[in-house]
Each structure stands twice: as structure tokens, then as C-alpha cells.
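First the structure, in the form of C-alpha cells, and then the observations on it.
Read-outs: derived from the displayed coordinates by stated rules, not from any lab. The shown structure was predicted, so the numbers you read here are calculated from the model rather than taken from an experiment. Glycine gets a Cβ as well: all are built from the backbone with ideal geometry, and neighbour counts include every protein chain shown.
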Amino acid sequence: MLARVDCKAQRDWLAKCCEAVRTQGCCIVDGVLAPSSLGEVRDAMYRAQERILAEVGAARLERAGERGVLRLMMKFEPRLLRFLELPELLAIVDEHVSPTAILHLQNGFILPPEPAGPADIFQQRFHQDFPRVLNGYLMSINAFFAIDEFTAANGATWVLPGSHQRGERPGEAELRTAQCVECGAGAMLVFDSTLWHCAGRNHSGKARLAINHQFTRSYIKQQIDYVRALGDSMILDLPARTQQLLGYYTRVVTSLDEYYRPGPERLYRSGQG
Ligand SMILES: O=C(O)CCC(=O)C(=O)O
């Protein structure tokens with residue numbers, strides 16, 4: 001059975017979650033997102049999907065070998081940056097990685113129902129989001145939100161408990177013991193990013209929505225340079241912690257002028273790891 005805690009009903013949910021992530025590689029945290037917020041998130045994801053399609057084009061999206069993956073949604077839908085203010089998500093980042101950790105990615109998933117969905121897409125093959133094992137030193141953590149209820153029928157994520165912090169891909173027999181992450185809409189699946197997992201097959205007739213966040217130590221390169229992608233005009237209006245998570249305090253200098261700036265103006269601030 002997968003470990004699960006309820007962040008609203010259990011005062012010690014964080015300690016229990018950390019213990020489960022350490023031993024099993026993952027934990028379901030129920031009740032993180034208010035049910036009243038989910039409709040707004042879904043609408044924002046569908047709008048972002050249209051903007052991404054218009055910007056990238058169907059052919060390039062198809063060529064990427066994935067379907068329904070929404071990268072850089074926040075550029076089109078800044079409301080989605082508010083995930084970075086959720087106290088439960090911040091507690092997970094602080095406890096598992098560090099208060100100086102940065103966002104490696106925020107990706108949305110509108111997993112289409114089959115048979116319209118492709119037969120072979122990357123996220124449906126078992127993989128690790130951080131495929132590097134460094135003597136058990138945790139470099140990266142995921143906070144993956146079910147925006148719709150997750151069921152075996154609608155393509156809920158599958159995880160192989162205990163497969164984290166292992167360099168080798170588990171054998172096929174072991175992968176067949178993977179478990180389906182069934183949970184309510186608004187739950188957050190926390191997992192060590194070295195855990196083997198994949199999306200399920202969606203036979204529900206309806207799309208299944210989710211949003212993945214991955215946070216790493218601050219010196220690991222991001223999937224997308226969010227600071228450059230969003231630009232100062234957008235970043236400077238955000239709360240300080242969101243700026244820090246997006247990488248604003250760990251920018252790489254491009255000139256001696258930038259290097260020799262006084263402390264508060266430095267692009268790579270001191271104490272950021
Ligand atoms: O959509 C899912 O259930 C899993 C997606 C996934 O594997 C990933 O984001 O790495």
C-alpha cells in the first residue's frame with residue numbers, strides 16, 4: 001500500500017511524509033488544493049494549451065514524442081505561479097532539498113483518452129525524472145498535483161515503491177509490481193525524483209489533468225531558464241520566494257560589471273547554495 005497522509009487532518013503529516021519518501025520514495029498528501037480552486041486551474045491549463053499550440057505548432061509538438069505536456073504554462077497563465085506559494089509545497093521543498101532549492105520544471109499534463117492518445121509516448125514509459133544517483137544524497141524532489149481525481153481507469157500515475165536512489169532500471173518482473181496512485185483531485189504526490197514512475201493509460205473517455213513540479217539544488221540547470229523566459233517585468237512583480245524559486249537569486253553573470261556588483265544587487269546572491 002502506498003503511504004498517504006492528510007495535511008489538513010494530521011498535524012504530523014510532514015514528518016510522516018518525509019519518512020515515507022525516505023523509505024518508499026513517495027507519499028500521497030491528500031487535501032492540498034481547495035476543491036473550489038480546481039475549476040480555475042483546469043480552465044487555465046486549457047487556455048495555456050491553446051497558446052502553446054499556437055506558438056509551437058502541432059507538428060513540432062508531435063515530433064517531441066509526447067502528448068498533452070504543457071511546458072512554460074506560467075508565461076501564459078501567471079495564476080499557475082501561485083502553486084509556488086502553497087505552504088505544503090514549500091514545506092516539502094525545504095525539508096527534502098533546501099530552502100535555496102529552485103524550480104527545475106512546472107509541467108502540466110492533459111493526458112488524452114485513448115484511442116486518441118498515442119500508443120507510445122515518453123511519459124507512459126517507466127523513467128526517473130532525475131536519472132542520477134549520488135550516494136543517496138537527495139538532489140531533487142517532485143510535487144505532482146492531481147487536478148482531476150486519479151483512478152486506474154483515467155491514467156493515474158504508476159510508481160514502483162522503493163525503487164528510488166537506484167542506478168539500475170528495475171527488471172520487468174519488478175516493474176509489474178508497480179502501484180497505481182489513486183487519489184482525489186487536489187492531492188499532491190511527493191516523490192524522490194529518482195523514483196521509477198510513469199503515466200497510466202487513460203480509458204475513461206475524458207482527459208486527465210495534472211501538474212508536476214520538480215525542485216533541485218540551486219546549482220542544477222533548469223529544464224527551462226524561467227528567469228529569461230518570463231523576463232524581469234513579470235518576475236519583479238512576484239513574491240520574493242517565488243522569484244528565488246524561479247532562479248532569480250542564482251542567475252549566472254554575463255560580464256565583469258555584473259560580477260562586481262555590491263551584495264544586494266548580485267545576480268548570484270550569497271548563501272544560495
Ligand atoms: O502524467 C503522469 O502521470 C506522469 C508524468 C511523468 O511521468 C512525468 O512528469 O515525469
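See the values below:
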item	result
Cα centroid separation, the range 245-271 to the range 22-61 (Å)	31 Å
R51/R241 FRET efficiency (R0 25 Å; Cβ-Cβ; nearest 0.05)	0.45
Amide proton proximity set for T194, modelled H, under 5 Å, gap of 5+	F130, Q165
Local electrostatic count at T23 - Lys and Arg +1, Asp and Glu -1, tallied over other residues with Cβ under 12 Å	0
Length-normalised contact order of the range 4-265 in % [C-alpha pairs under 8 Å, at least 6 apart]	26 percent
Between the range 79-148 and the range 195-232, the alpha-carbon center distance in angstrom	5 Å
Sequence ranges 2-9, 73-80, ranked by mean other-Cβ count within 10 angstrom, highest first	73-80, 2-9
3J(HN,Hα) from dihedral phi, the range 213-218, Karplus parametrisation 6.51/-1.76/1.60, rounded to Hz, x for glycine, proline	10, 10, 10, 10, 4, 5
Free-standing Cys, the chain [no other Cys Cβ under 4.7 Å]	C7, C18, C26, C180, C183, C198
Label-point separation, S233 to M1 (7 Å along Cα→Cβ), nm	5.4 nm
Globularity ratio of the chain, using Cα Rg and 2.2 N^0.38 Å	1.00
For N202, distant residues with modelled amide H under 5 Å away	E114
Estimated inter-spin distance, E85 and R176, nm [label 7 Å along Cα→Cβ]	4.9 nm
Neighbour cut-off at most 16 other Cβ (10 Å), DSSP loop, chymotrypsin sites (Phe, Trp or Tyr not before Pro), the range 204-273	Y219, Y260
Tilt relative to the chain, helix 35-56 - C-alpha long axis, 0 to 90 degrees, to 10	70 degrees
Neighbour cut-off at most 14 other Cβ (10 Å), DSSP loop, chymotrypsin sites (Phe, Trp or Tyr not before Pro), the range 123-161	Y137
Net length gained if the chain between R22 and E40 were fully extended (0.36 nm per residue, minus Cα distance)	3.1 nm
Set of aspartates and glutamates near K206 by C-alpha distance (under 16 Å), chain-local residues within fewer than 8 positions excluded	D43, E114, D148, E149
Degrees, to the nearest 10: 87-96 long Cα axis against longest axis of the chain	80 degrees
Projected label distance in nm at R166 and D225, using a 7 Å step from Cα toward the beta-carbon	3.8 nm
For the chain, built as a Gaussian network whose Cα springs stay under 10 Å, the top-fluctuating residue of R82, R63, R251	R63
Whole-Hz ³J(HN,Hα) from phi, Karplus 6.51 cos²θ - 1.76 cosθ + 1.60, for the range 240-247, glycine and proline x	4, 5, 5, 4, 4, 5, 6, x
